[in-house]
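A quick write-up on the structure given underneath.
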Amino acid sequence: MRSRVISAFLAAAAFVAVVAPAQAQETLHPLRPVTVPVGPFTPPVRDAVLAHALTPHGVKARAAAAPRYSTRDGISIPVQVSPSYKASASVIQSYVTYLGSLMHGDELRSLHVYIAPPKQIASTFCGAGALACYEGDNQTMYVPGAQQQSKPPLQFLIAHEYGHHIEMSRSNAPWSAYDTGTKNWFTYEQVCTRMRDRKLGTGYWNDPSEGFAEAYGDSQYPGVAFPYSTLMLPDQGAYNAIRTDVLEPWTGPHAVPFSGSLAATRGAGQSFQLATPLDGTATFTLSPPAKADYRLTVTAGRQTLAKGAKGTTTIKTLCGVRSLTLQVTRVSGSGPFGLVANVP
């Protein structure tokens with residue numbers, strides 16, 4: 001589940017658990033490719049996304065000094081290993097090499113990794129029953145160093161958590177990508193309309209953030225059954241959208257300019273068609289001649305979405321709307337006008 005609040009008692013207990021000397025160190029084994037089993041994992045909890053730190057202070061204090069390991073494309077990632085593990089540099093490197101093999105952008109540079117035994121993952125960092133988690137405050141992935149009895153494979157679990165790191169590093173304005181998924185995937189899976197209709201976003205198994213992370217994981221490590229809402233079950237279109245979000249991130253609205261001229265005749269007007277392939281906030285600014293009064297009407301099919309008068313900026317959140325008609329109508333005056341639409 002998505003955990004937002006952690007009690008002081010649990011945080012204090014966690015600190016004791018981490019700093020206490022290990023009675024007997026386990027050996028951390030290298031992360032190797034495995035055959036992907038097809039089938040669901042054991043319910044009820046897979047991971048947690050932490051908005052606020054559950055991490056003990058001692059772990060945070062040592063994070064800055066954590067050893068760094070490089071991916072094959074030269075990105076350096078700090079990795080901490082629980083004192084409960086005995087780990088060689090080559091074994092730790094295997095985790096970073098795998099992370100580097102996942103589809104990524106520059107966001108990989110801001111990732112931190114903490115590897116701990118499964119019991120410590122659940123009791124100290126991620127919450128009861130969780131197999132792994134991602135903490136947005138510190139952009140830290142907490143993953144186990146041993147294969148779970150339940151599925152999915154550890155490699156898939158790491159890919160899923162990395163999906164949350166991608167969300168944390170992307171914009172889906174006016175929504176939070178960390179809560180709803182990345183822009184192109186969000187639009188393709190109709191998350192906006194489905195959240196509005198309460199078909200998504202009401203619980204862990206229909207959480208868009210989890211749906212995105214799972215779909216990203218599946219795109220990198222296919223073959224694991226999709227346990228979340230079938231409304232988010234990925235297909236090739238979803239994988240294409242994810243690829244765009246990772247390699248060509250959406251950075252904000254772009255301007256589409258229009259121009260025209262209205263004659264001094266009653267009811268004169270001019271319309272324009274505008275494609276809106278992504279959900280998000282759109283603005284429209286009409287600039288008529290100084291002494292003219294022109295009006296703007298924005299419609300989608302038969303539905304009027306917004307209206308604006310001379311010199312005003314009209315703002316509208318587009319949700320499931322893929323094309324607009326912009327109608328400029330004369331009230332008084334005449335002459336050329338400009339119209340700028342800023343769309344996602």
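Here is how the numbers come out for the structure above:
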{"read-out": "Between segment 90-146 and segment 178-240, the Cα center-to-center distance that results, in Å", "value": "21"}
{"read-out": "Shape box of segment 205-281 [Cα atoms, principal axes, largest first, Å]", "value": "65, 24, 19"}
{"read-out": "Ranked list, fewest to most other Cβ atoms within 10 Å of each Cβ, for F284, F156", "value": "F156, F284"}
{"read-out": "Counting all C-alpha pairs of segment 254-343, share separated by more than 21 Å (%)", "value": "24"}
{"read-out": "Whole-number percent relative contact order across segment 254-343, with pairs defined as alpha carbons under 8 Å at least 6 apart", "value": "49"}
{"read-out": "Unit charges at the beta carbon, dipole of segment 65-222: most positive-side option, S76, Q190, H164", "value": "S76"}
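Any read-out appearing in this document is the output of simple, stated calculations on the displayed coordinates, not a laboratory observation. These numbers come from a predicted model, not from an experiment. Cβ: placed from backbone, ideal geometry, glycine included. Neighbour counts: every protein chain shown.
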